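> Structure below; questions to follow.
The values are calculated or read from the model by the stated rules, or taken from the named source; none is laboratory data. Just so it is clear, the structure is predicted and the values come from calculations on it, not from any experiment. All Cβ positions, glycine included, derive from the backbone under ideal geometry; neighbour counts span all protein chains shown. Side chains are part of the model used for accessible areas, which takes the heavy atoms of the whole protein and leaves out ligands, DNA and RNA. Shrake-Rupley method; radii C 1.70, N 1.55, O 1.52, S 1.80 Å.
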Amino acid sequence: QVQLVESGGGLVQAGASLRLSCAASGRYFSSYIMGWFRQAPGKEREFVASIGRSGTDWIYADSVKGRFTISRDNAKNTVYLRMNDLKPEDTAVYYCAAPLSYYSGSDYSNQDNYVYWGQGTQVTVSS
């Protein structure tokens, strides 16, 4: 089983940057594709970004492309989400997630393919 713990959220002004971290338990972190999702108040949870097992195969939602960067450090069992030029519409609870370790598909943006979830970290962007 995998446990995920997000950190790095906070309250910032529009245009600021934040780096979110997601620390994973276990010895086989490199076996997992990792994703970031977010949920704003009153809205459905939406895909943000995903990254392949080796730190490549990046996928981004159109709303964050060019501003956010997903990365991972397998030696530290950690995945990151660097968020630049934050906008008020980025305000949400951000979750990291992982599918089964043997997941062999490529539908990384579909939350139904993720089975392990963190509890989320709040990001609030003021205008």
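> Cross-link partners among lysines for LYS76, C-alpha distance below 23 Å, same-chain residues fewer than 8 apart left out?
none
> SER25 versus ASN110, label points 7 Å from Cα toward the beta carbon: distance in nm?
Placing both labels 7 Å beyond Cα along the Cβ direction yields 2.9 nm.
> What is the magnitude of the charge dipole of segment 11-127 about its Cα centre, with +1 placed on the Cβ of each Lys and Arg, -1 on the Cβ of each Asp and Glu, and no other charges, expressed in debye to the nearest 20? Mind showing how you got there, number by number?
Numbers: 12 positive and 10 negative charges, 75 e Å.
The dipole magnitude comes to about 360 debye.
> Of GLY55, GLY42, GLY15, which is the most mobile in a GNM of the chain whose springs link Cα atoms less than 10 angstrom apart?
GLY42
> When the accessible area of the chain is computed with all protein chains present and a 1.4 Å probe, what percentage of it is carbon and sulfur?
Carbon and sulfur together cover 45 percent of it.
> Oh, and also: Among THR69, THR56, THR91, which one shows the biggest mean-square fluctuation in a GNM of the chain, springs joining Cα atoms closer than 10 Å?
Of the options given, THR56 has the highest mean-square fluctuation.
> Setting aside same-chain residues fewer than 8 positions from LYS43, which lysines have a Cα under 29 Å from its Cα?
LYS65, LYS87
> Counting Lys and Arg as +1 and Asp and Glu as -1, what is the net charge of the other residues whose Cβ lies under 14 Å from the Cβ of VAL48?
+2
> Next question. What does the accessible area per residue of the chain come to in Å², with a 1.4 Å probe and no ligands, DNA or RNA counted?
With the other protein chains kept in place, the chain gives 53 Å² per residue.
> Using packing as a proxy for protection, rank 71-84, 100-113 so that the peptide with the highest average count of other Cβ atoms within 10 Å comes first. Don't jump to the answer; show the numbers that get you there.
Details: 71-84: 18.2, 100-113: 13.2.
Top of the packing list down: 71-84, 100-113.
> Under 1.5 on a/c is rounded, so check that first for the chain, then, if it is not, pick prolate when a/b is larger than b/c and oblate when it is not; a ≥ b ≥ c are the square roots of the alpha carbon gyration tensor eigenvalues.
Since a/c reaches 1.5 and a/b is larger than b/c, the shape of the chain is classed as prolate.
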